[in-house]
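Have a look at the structure below before the remarks.
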Amino acid sequence: MFNVEGLGRIILTIGGFMVLIGLVITLLGRFTGIGRLPGDIFIQRENFTFYFPLATTIIVSIILSLLLNLFRRF
């Protein structure tokens, strides 16, 4: 049978992990230059602003890949 309590715990764990990642990224953005790297696309016109953090996304992806590979080995 399908265990609903187990699914609820998994969803809560994933949600807590996402909140933790969000807090870390927010704090890194305040104290370092992350989010304003020289590969990020920023276009500002009269009443239009477009921001796509391309370089930041690549760096975060590399760091998360390395961390997940380390956790998987242990």
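List of remarks:
- Residue in segment 7-28 that is among the aromatic types (F, W, Y) and either loosely packed, with under 10 Cβ neighbours inside 10 Å or modelled with pLDDT under 85 (or both) present: no
- Of all residue pairs spaced 6 or more apart or on separate chains, those with beta-carbon atoms under 9 Å, a first member in segment 41-62 that is closer than 19 Å to T26 by Cα and not assigned by TED's automatic domain parsing to the domain that holds T26 and a second member that is at pLDDT below 90 and exposed (fewer than 10 other Cβ atoms within 10 Å of the Cβ) are A55/P38.
- All conditions but one from (1) in contact with a strand residue (DSSP E or B) (Cβ under 6 Å, 6 or more places away or on another chain); (2) not in a strand (DSSP E or B) apply to M18; the one that does not is (1).
The values are calculated or read from the model by the stated rules, or taken from the named source; none is laboratory data. It should be emphasised that the depicted structure is a prediction, and the values quoted were computed from it without experimental measurement. A quick note on method: Cβ atoms are made from the backbone with ideal geometry, for glycine too, and the neighbour counts reach across all protein chains shown.
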